[in-house]
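Trainee: Handing you this structure, nothing more for now.
Please treat every number below as a calculation from the coordinates, not as lab data. As the structure is a prediction and not an experimental result, all values here were calculated from the model. Backbone-built Cβ (ideal geometry, glycine too); neighbour counts: all protein chains shown.
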Amino acid sequence: MANHKSALKRIRANRVKQLRNKYQHKTTRNAVRDLRAATEKKDAEELFPKVISMLDKLAKNNVIHKNKASNLKSKLAKHVASI
């Protein structure tokens, strides 16, 4: 158990950040899934910038690796173009 006030505060803060990161990551994964499932070109093009923005934010905050975000964005761009 932590012995200092600052350590206790850090534990609380880390938990809050962990939950926020988990929520944002899951939300982004669901958005990627929805984009991949889209069959209408118009719907996919509308959803694409939002998903890209979500991936960039996750990469910026080190929730996912920047190369993983780039790979996902590339694959999604190919998918949207092929619809």
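Trainee: State the extension gain, in nm to one decimal, for the chain segment bounded by residue 68 and residue 19, taking 0.36 nm per residue of separation less the distance between their alpha-carbons. Don't jump to the answer; show the numbers that get you there.
Mentor: Working: separation 49, 0.36 × 49 = 17.64 nm, distance 2.10 nm.
So the chain would gain 15.5 nm between residue 68 and residue 19.
Trainee: Does anyone have the angle between helix 41-60 and the longest principal axis of the chain? Alpha-carbon axes, 0 to 90°, nearest 10?
Mentor: Relative to the chain, helix 41-60 is tipped by roughly 30 degrees.
Trainee: Only helical DSSP H runs with n ≥ 4 go in: add -39500 (n - 2.57) per run for the chain, normalise by residue count and round the 222 nm mean residue ellipticity to 500 deg cm²/dmol. Don't skip to the end; give the middle numbers.
Mentor: On the way: 3 runs with 70 residues, N = 83.
The helix-only estimate for the chain comes to -29500 deg cm²/dmol at 222 nm.
Trainee: Out of the GluC sites (Glu not before Pro) in region 5-83, which ones are loop residues according to DSSP with at most 16 other C-beta atoms within 10 Å?
Mentor: Working: sites: 40, 45, 46; in loops: 40.
The qualifying sites are 40.
Trainee: If you line up the long axis of helix 66-82 against the longest principal axis of the chain, both from Cα atoms, how many degrees apart are they, to the nearest 10?
Mentor: Approximately 20 degrees, to the nearest 10.
Trainee: Moving on. Treating only the Cα positions of the chain as identical point scatterers, give the base-10 log of I(q)/I(0) from the Debye formula at each q in 0.17, 0.20, 0.21, 0.26 Å⁻¹.
Mentor: -0.69, -0.86, -0.91, -1.19
Trainee: Taking Cα atoms, how many degrees apart are the long axis of helix 5-37 and the longest axis of the chain, rounded to 10 and kept between 0 and 90?
Mentor: With both axes taken from Cα atoms, the answer is about 10 degrees.
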